[in-house]
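The values are calculated or read from the model by the stated rules, or taken from the named source; none is laboratory data. All figures in this text were calculated on a predicted structure; none of them were measured in a lab. Methodologically, a virtual Cβ is constructed for each residue, glycine included, from the backbone with ideal geometry; neighbour enumeration extends over all protein chains shown. With ligands, DNA and RNA removed, areas are computed over all heavy atoms of the protein, side chains included. Shrake-Rupley method; radii C 1.70, N 1.55, O 1.52, S 1.80 Å.
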Amino acid sequence: MAIHHLKAGKPDAERTQDDARVRATVETILKDIETGGDAAIRDLARKFDGYVASSFRLSPSEIEAAVQKVSARDMEDIRFAQTQIRRFAEAQRASMTDIEVETLPGVILGHRNIPVESVGCYVPGGKFPMVASAHMSVLTASVAGVPRIVASAPPVKGEPHPAIVAAMHMGGAHEILVLGGVQAVGAMAIGTETIKPVDMLVGPGNAFVAEAKRQLYGRVGIDLFAGPTETMVIADDTVDAEICATDLLGQAEHGYNSPACLITTSRSLAEATLAEIDRLLQILPTSEIAAVSWRDYGEVILCDSHEEMLRVANDMAYEHVQVMTDRDDWFLEHMRSYGALFLGPRTNVANGDKVIGTNHTLPTKKAGRYTGGLWVGKFLKTHSYQKITTDAAAAMVGAYGSRLCMLEGFVGHAEQCNIRVRRYGGRNVPYGVAAE
């Protein structure tokens, strides 16, 4: 078995240098926010967003004014998308049940799924106003029952983007901020004089936002590392070059550093796709971005079998994986590391991004090896509890617990068990001695 790179992207060393520059920039900005509070946020908003306001939190009247600017058609489309996303999120929530079981007579164990208390939802809006991201984070948090949902997006052309504000409001946001980039996630996580910090950050963003979430992790929870979008097409000769090229460039237009990769068993399809990409870049309105992304981060990998394509795809663990082969369900069964799968030529990543109902905030940079994407369960914490309801159970479990504590040398731990053995079992166990 062998694979051949018909096209490769930037060397890993160059990508590492890019990451280091981003890391240093973000570290400086977060320190400024921590020491400067609202004043630092205003300076950063002026510098990066070109936006100046007395308050970055929209008032109810400002929210209403923004919503009124959205056309009837756009409102109808937003409602349709939110209905699909809500339906799937509600089904996911219903699958997560609280449990309580009696594992031994008188021993009750259980767990409860409790919403995170407060969440900051970031909605990108730099090059493109990502209206759909408001559904994915705000609405899903609302279905989970989060009591305080803060949503933030950058201004577009110097003012809040009406459709983003509408989507946030309709999705259930309790507070809406007009802030972009690192200053947005930093303000929500660290807090300022006027912005109460949240417990968790969610939402996609560019490399700077992803790095900010990485640096803030621990101070707050995060959904996952959702950086620049990645798309992979796994195809054999059952599809044509036009659909492969369209699906690759359709995601490469996200930004200048959005990886796009074709993995195929067909050399003729690979070569035809490369030619078709060149043709489409001549007519694509967003080609200025997509061409750079494809030049620096595009890859075409030729494999000699479907099994080899599977191995390479699992190793790369891309965010979006579009499968168009004669055995799509086989890939569904055997794929292990990815963000989301899009099966068959009738399906496409754009539908998943905007409307079909699954969540579009997905793991990038190989994070699909250890986490899935954002979903209602990310906003829920599963907490266990225990109770013993009979004297016999208290004494019996206590005796086992005492001996196991002493095995590890934890005398104080053992005494917690021993006092129950004495009190509920009527047995005299001296301090510092394991119950027999």
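Counted by Cβ distance under 13 Å from Met232, the other residues give a net charge of -4, where Lys and Arg count +1 and Asp and Glu count -1. Across segment 184-329, the volume of the C-alpha convex hull divided among the residues equals 121 Å³ per residue. What's the FRET efficiency of Ser287 with Ala13 using the Cβ-Cβ distance as r and R₀ = 25 Å, to the nearest 0.05? Calculated value: 0.35. Restricted to Cα atoms, segment 78-151 shows a radius of gyration and a Dmax of 17.0, 62 angstrom.
In straight-distance terms, cross-link reach from Lys10 covers every one of the aspartates and glutamates whose alpha-carbon lies under 15 Å from its own, apart from those fewer than eight places away in the same chain; here that gives Asp18, Asp19, Glu230, Asp296, Glu299.
Straight-distance candidates among the aspartates and glutamates for linking to Lys387, with alpha-carbon spacing under 14 Å and chain neighbours fewer than 8 residues away dropped: Glu100, Glu102. Principal axis analysis of the Cα atoms in segment 230-293 yields extents of 29, 22, 13 Å, listed in decreasing size. Plainly put, segment 340-386 has a radius of gyration that is 1.11 times its Kirkwood radius, both from alpha-carbon atoms, as the Rg/Rh ratio. Here the Kirkwood formula puts the hydrodynamic radius of segment 16-69 at 13.3 Å, using every distinct Cα pair. Computed across segment 1-159, the Kirkwood hydrodynamic radius from all distinct Cα-Cα pairs reaches 20.5 Å.
Label-to-label distance, Thr238 versus Glu117, with points set 7 angstrom from Cα along the beta-carbon direction: 5.1 nm.
Pairwise Cα distances in segment 268-334 exceed 16 Å for 58 percent of all pairs. Atom-type composition of the exposed protein surface of segment 250-351 places 48 percent of the accessible area on carbon and sulfur (1.4 angstrom probe).
Across segment 110-248, C-alpha contacts under 8 Å between residues 6 or more apart give a mean separation that, scaled by the residue count, equals a relative contact order of 23 percent.
Take every DSSP beta bridge whose two residues both sit in the chain; close to 35 percent of them are antiparallel. Give me the tail of P(r) for segment 275-424 as a percent: Cα-Cα pairs with distance above 18 Å. Result: 74 percent of Cα pairs exceed 18 Å. Normalising the average separation of contacting C-alpha pairs (under 8 angstrom, six or more residues apart) by the number of residues puts the relative contact order of the chain at 19 percent. Straight-line cross-link reach from Lys7 at under 24 Å between alpha-carbon atoms covers these lysines, not counting any fewer than eight positions away in the same chain: Lys365, Lys366. Shown here is the pair-distance distribution of the chain: with all Cα-Cα distances grouped in 20 Å bins from zero up to the longest one, the shares run 23, 45, 24, 7, 0 percent. Projected over every direction and averaged, the convex hull enclosing the alpha-carbon atoms of segment 140-248 yields 9.6 nm².
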